[in-house]
Amino acid sequence: MEPKLITLTVNGHTHHVALKPNVTLLHALRQMGYIDVKDGCEKGDCGACAVLLNGRAVNSCLVLAWQADGAEVLTAAGLGTAEHPHPLQEAFADVGAVQCGYCTPGMLIAAKALLDRTPYPTEEQIREGISGNLCRCTGYAKIIQAIQVAAEKISPAASPAKPE
Amino acid sequence: MLPEFELLMPRTLPEALEMLAEHAPDVMPVAGGTNLIPDMRSGRYRLRWVVNVASLLELQAIRREDGWLVIGAGVTVAQVLDDPLVAQYAPVLREAAALLGNPLVRNRATVAGNLADASPAADMAPPLLALDAEVELASNQGTRRVLLRDFFLGVRRTVRQPHELVTGVRVPLPPPRSVTAFYKIGLREADAIAVASGAVRMDRDESGRCRLVRIALGSVAPTPIRACQAEAALEGRLPEPEPIAEAARLAAEATRPIDDIRGSATYRRHVTEVMVRRTLTECAARSTE
Amino acid sequence: MRKKRYTAKPLPPVELPELRLVGKPLRRVDALGKATGATVYAGDFFMPHMLHARVFRSTEPSARIRRLDVSRARALPGVACVLTAEDLPDSRLITDIPGQTGQRVRKGSEAPVLASDRVRYVGEPIALVAAETPEIAERALELIEIEYEPLPGVFDPIEAMKPGAPVVYEPDNIVARWKIRKGDVRAGMEMADLVVENTYRVPFVDHAYIEPEGGVAWVDERGVINIRVSTQVVEHFRSIARAVGVPHNKIHIIGTMLGGGFGGKEDITVEIFLALLAKHTRRPVRLVYTREESLIAHSKRHPFIITHRTGVRRDGRITAAEIEMISDAGAYPYLSPYVLLYAVVMATGPYRIPNVRVDGVTVATNNPFTSAFRGFGGPQAAFAYEQQMDEIARALDMDPLEFRRINYLRTGDQTATGQVIESAVWLEETASRALEALGEKTPDQGPVKIGWGFASYFQSYGRITWLHDTSQAWVGLELDGTVVVRSGIPELGAGQVNSLAQIAAEVLGVPLEQVTVYSTDSALTPLAGTSTATRGLYMSGNAVLQAASTVRRVLLDRASKHFEEPPDNLDLADGRVFVRGRPEESMPLAELVRMCAAEGLPLSNLALFKAPFTDPLDPENLQGRVFPDFTFGAHAVEVAVDTETGQVRVLKNVACHDVGRAINRAAVEGQIEGGSFQGLGYALLEEYVVKEGRPQSVTLSEYLIPTSMDFVPTKAIVLESGTGLGPFGAKGIGEPPLTPVAAAVANAVADAIGVRVRELPITPERVLEALKRAS
């Protein structure tokens, strides 16, 4: 169980970290200070720890850090800041999709992955896209709405929801 | 927190097979990790060695090879969902893939891992059983192919030896007029473990009779199973309500379910009959379109 | 349901004063921090030289501890401390109603902080470990040696009441009883043309907040034990001080933003363990539960068995109700007596019933302990009374809304305890609107049958009036015209903090962004009481309103001299003070603030808001006031029931509540949408399975809460009667949206298939069993 030096590029910053083989990407990221990646179940049931791993949304609790050696990781904090929020973050805040906020980082990552692939999602596609992210506060209604709002902002042209 | 283990990171398949051979039996391959990591965390597996096969290039592709669709062991469920070959030749696998876990899990979980884990509830098993799929196993001694129906031995037990690696799943390309359907009864609409699942396939001849029928069932026995008597009851006959009902009844009889936190044996058997009847009826209707 | 369409009852005329910020769906002050991942939750805080803690827990539901040996764990290199009951000055965990001064401690209500000779449930804490790394702490747990002598356990409240049943703790298993005696039930039953009797059952359920319990504690240079923790109740510092053996003023709770609570972080969780370990090691200690530990360690919602016997006349008037309620208190009482009280007080539902007899009992078992969960007995009561109302309507061959309309409480009526309701009672208004929003009924399709169902409810907001609830808040202006609010109220996620900011901004005429709220600190913010009991907005909102209004008067009095106008002619908005009707005559608020400061005028105010205070009621009849007021509303659903598989799908889903006044409309809708999803989970998915005292649902793949795919999002209809006791006429909406939902679903299922499932959750198997019984 010797540590090994691995390279992770997180939110554009490259880190070289020595990690033991039994460390999950979730714990690695949190140890590196990316505490916006939340620990909710460590079993893939809740989605609170979701990150984009080379562009794909995954539960970071189900990835061994060594498996991510050399990978690009994006966490919710990497989407934007309070000064320059990502349209998803702004929409989540504006429509009231954030209550306790604990599921929010993972939810944003799932939403980002969805919009990257499906810029004009239907409500059904949004519900499907966030179905691995449990939220106990909102009943999902405002989260779905926020993703719709952000989608229109990110890809305003040819939005089928609002014909010109 | 995960218990301690050594993680080996081979760069090629032969290297991986050597590592498995060297450390067997106290070794397990990991790809997506969606089963193995929780199982190590919960103490179900206490392993000395783990071999990472997620990044082996040899295992990444879905390809057409002679009369087969070959799904490499590194292929994720999400890739299956997106793949045009799967959509064309194994739509029932796609249907099941869409209901496996959730989008985050599907981005990591592999088809091969779902089979190798050998849960009775494995979502990939019924469609692949219905398609007469084979599992390809490799070791540093060579390669062998096993019919999927012979692959499972019991709950979480397969014919795979500790030094072997599932390298791919091979699906014979279906004949024309082959129609399939999948069902999954879970306690929740997403991210649910099947209470009962099944895949049915109906290949018909030009007269409309069932030439070949496959009824594969999940979560109703120690392993995913085929309901062979039910299949036979329909083969050679027109898929009309009466023989379909008979096949569904026989399918339910073929089950050996248990009571657990998700459902009773009685319910599993009952719902199997209902859903086999419905999916067969749906196949009959679709194949006359 | 008998009608194909329902029409909303017109609302009585309401005049609500136009406000600038209150009522608007403004972006919550905490939203962007959370959406950018900047919010530091309890488990996200680390300190130098921090130790990592774990709890050693019982694996037996009922046993004597024959031997406990922690010597090997203590000897493990890297272990800083192992504590058992022997090491504690006072191992009783006093389950007082939190945050209350002068409240009597109930005899026999003490769970031990750590079990010493006897364990009573699986998961009961026995020992604490603190070590240099989480790995070492984990290893130390494995080195703790324990021998149990299993004792007979009791796992069913009815069994537990029988003579000869194993006694969980002396003298017997009866934890508490409450009774309502109103009118003459026998006479009422004799007047009835029909008596309907049914029994309803609900299971254990879990809060399943996404953030497991956690925190960090350290002892500072003053000897103060600081605990940064996710809690709904900072006032637990008193109980912790007692258990740790230090004065009250040496415990400092720094509450974090909660990642959900719903009542599950109302009782003490990790904070007492953290305090003990920090005191013993003099080092910072972190303890965060895993999901599995969280599901085993914290309270559950009470299972109830509720029997209704209702007398009714042919014309639909209810003449008498006789109700029996039995709840499972689990292994220690915690808040069980109070949860039972709520259920008993709300047992009849919001109906005029002249003769009422309710007998409630809560019983100790060797099951997981049960305590607060959103609704606090109200949802259990509603599951029974609202199905009973549908059953009676069916027996009378009446439309269920029409039948309820005859019996609904109205303003000025008395509840079963004789409390007169003074606020608006919009029961028909909310129910008819929810039903109207269902539109046209979807047709049946083969074996899939469609049903409609609704449920009305009442749910208290604010605490029991004999607990003498108070809340303090401090509001002040900085010299640049920005506003500071200080309040001890925890931010549960529901928008507690934002509503305080929005109220202060309204009163002091500044944009919302110019208010900063400091909250949830037992020492540095004025104690405001708990984020429980739908009291946050009512209590703290009023306290902030009071404090901000006092500061406003100071400002306007000073401005009055400057503008030579009476204060009533002046107003504050957008960071300026101005003459009403002549906005050009104005000055920046900052300038006015500096004027006041230069003259030594008080630019801050500490206010204390008091709820109505009453004396405790006679537990033999419970006649009198119990709560400040109630929220009223309804939930309606359309469901599709597959009669072959038993599966139930929710096709339409509408909630309508009178919230009095929405302080932040988006937040109010959020409470309704979220609470109703918890209700749908309660109805159809959730059960914390316990077999012979052993929990079976210890992960989130066994304890199933709703995903985004399970139910159509809730349509929330918000009504504002303006008659609540909260700020600007607000009522409370934290707990209520969950309360009616399970009954509405049960009624819809019964409407679809003609038979009733009287037990939660309404699983496919239970639906099929009901169909089988009927055929």
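Each value in this text was obtained by applying a stated rule to the coordinates, not by laboratory testing. Being a predicted model, the structure only gives us computed values, none of them experimental. Here the Cβ is made from the backbone with ideal geometry for all residues, glycine too, and neighbour counts use every protein chain on show.
If you line up the long axis of helix B:13-23 against the longest principal axis of chain B, both from Cα atoms, how many degrees apart are they, to the nearest 10? Long axis of B:13-23 versus the principal axis of chain B: about 70 degrees.
Shielding value for B:184-196 is 6, the average number of Cβ atoms from other chains within 10 Å of each residue's Cβ.
What net charge is computed for the residues neighbouring C:ALA455, neighbours being all others with C-beta under 13 Å from the C-beta of C:ALA455, Lys and Arg scored +1, Asp and Glu -1? Could the numbers behind the result be given before it?
Numbers: positive: C:ARG404; negative: C:GLU386, C:ASP390, C:GLU391, C:ASP751.
It works out to a net charge of -3.
About the centre of its Cα atoms, the protein assembly as shown shows a dipole size close to 1060 debye [charges on the beta carbon of Lys, Arg (+1) and Asp, Glu (-1) only; nearest 20 debye].
Span-like helix criteria (full DSSP H runs; alpha carbon extent of at least 18 Å along the helix axis; mean Kyte-Doolittle hydropathy of at least -1.0) are satisfied in chain A by A:104-117, A:141-154.
Helices in chain C that qualify as membrane-span-like (whole DSSP H runs, Cα extent of at least 24 Å along the helix axis, mean Kyte-Doolittle hydropathy of -1.0 or higher) are C:378-396, C:542-563, C:665-684. Remark: mean inter-chain Cβ contacts per residue of C:176-184 equal 0, using a 10 Å Cβ-Cβ cutoff to other protein chain atoms.
C:GLN387: net charge of surrounding residues, Cβ under 10 Å, Lys/Arg +1, Asp/Glu -1, itself excluded?
On the way: positive: C:ARG756, C:ARG758; negative: C:GLU386, C:ASP390, C:GLU391.
Residues near C:GLN387 contribute -1 overall.
Dividing the C-alpha radius of gyration of segment B:64-111 by 2.2 N^0.38 Å, with N its residue count, gives 1.08.
Legend: distances between Cα atoms for A:LYS43/A:LYS153; C:LYS3/C:LYS715; C:LYS9/C:LYS715; pairs beyond 27 Å are A:LYS43/A:LYS153.
For C:LYS561, a cut-off of 15 angstrom between C-alpha atoms picks up these aspartates and glutamates, skipping any fewer than 8 places away in its own chain: C:ASP571, C:GLU585, C:GLU591, C:GLU599. If the cut-off is 16 Å between C-alpha atoms, which aspartates and glutamates fall inside it for B:LYS184, apart from same-chain ones fewer than 8 positions away? Correct list for B:LYS184: B:GLU95, B:ASP123, B:GLU273, B:GLU282, C:ASP642, C:GLU644, C:ASP710, C:GLU765. Fewest neighbouring Cβ atoms within 10 Å first, the residues C:SER116, C:SER586 line up as C:SER116, C:SER586.
Just the number: Rg to Rh for segment B:32-75, Cα atoms, Kirkwood Rh, two decimals.
1.15
Which order results if B:VAL171, C:VAL579 are arranged by neighbouring Cβ count within 10 Å, fewest first?
Working: B:VAL171 22, C:VAL579 16.
Placing the least packed residue first, the sequence is C:VAL579, B:VAL171.
Think of the protein assembly as shown as having a plus end and a minus end, set by charges on the Cβ of Lys, Arg, Asp and Glu; of C:GLY509, C:VAL185, C:LEU738, C:VAL185 sits farthest toward the positive end of this dipole.
Charge tally for C:ARG433 (other residues, Cβ to Cβ under 11 Å; Lys, Arg +1; Asp, Glu -1): -2. The lysines whose alpha-carbon is closer than 24 Å to the alpha-carbon of C:LYS279, local same-chain residues fewer than 8 away aside, are C:LYS250, C:LYS265. Rg over Rh for chain A works out to 1.00, using Cα positions for both radii and the Kirkwood form for Rh. Within 10 Å of the Cβ of each residue in C:695-707, the mean number of Cβ atoms contributed by other protein chains is 6.
Working ranking of peptides C:504-510, C:143-149, B:194-200 by packing, defined as the average number of other Cβ atoms within 10 Å per residue, highest first, is B:194-200, C:504-510, C:143-149. Look at the dipole of segment C:574-689 built from charges on Cβ: of C:GLN678, C:LEU589, C:VAL626, the Cα furthest out on the positive end belongs to C:LEU589.
May I ask for log10 I(q)/I(0) of segment C:195-337 at q = 0.11, 0.12, 0.21 Å⁻¹, from a Debye sum over the Cα atoms as equal point scatterers with solvent left out? Values returned for q = 0.11, 0.12, 0.21 Å⁻¹ are -0.54, -0.60, -1.21.
Run the helix sum for chain A: -39,500 (n - 2.57) per DSSP H stretch of 4+ residues, divided by residue count, reported at 222 nm to the nearest 500 deg cm²/dmol. Present the calculation step by step, with values, prior to reporting the outcome.
Working: 5 runs with 51 residues, N = 164.
One gets -9000 deg cm²/dmol as the mean residue ellipticity at 222 nm.
Here the residues C:MET709, A:MET1, ranked from fewest to most Cβ neighbours within 10 Å of their Cβ, fall in the order A:MET1, C:MET709.
On average, how much area does the Cα convex hull of segment C:489-615 cover when viewed from any direction, in nm²? Let's see the in-between values first.
On the way: hull surface 37.9 nm².
The directionally averaged projection comes out at 9.5 nm².
Look at the dipole of segment A:13-85 built from charges on Cβ: of A:PRO85, A:LEU53, A:HIS13, the Cα furthest out on the positive end belongs to A:LEU53.
Placing +1 at every Lys and Arg Cβ and -1 at every Asp and Glu Cβ, with all other atoms neutral, what dipole size does segment C:213-308 have around its Cα centre, in debye to the nearest 20?
Result for segment C:213-308 is approximately 220 debye, rounded to the nearest 20.
When the Kirkwood hydrodynamic radius is evaluated over all pairs of different C-alpha atoms of the protein assembly as shown, what value in angstrom, to one decimal, is obtained? Write down the numbers at each step before the final one.
Numbers: mean 1/r = 0.0314 Å⁻¹.
In the protein assembly as shown this quantity evaluates to 31.9 Å.
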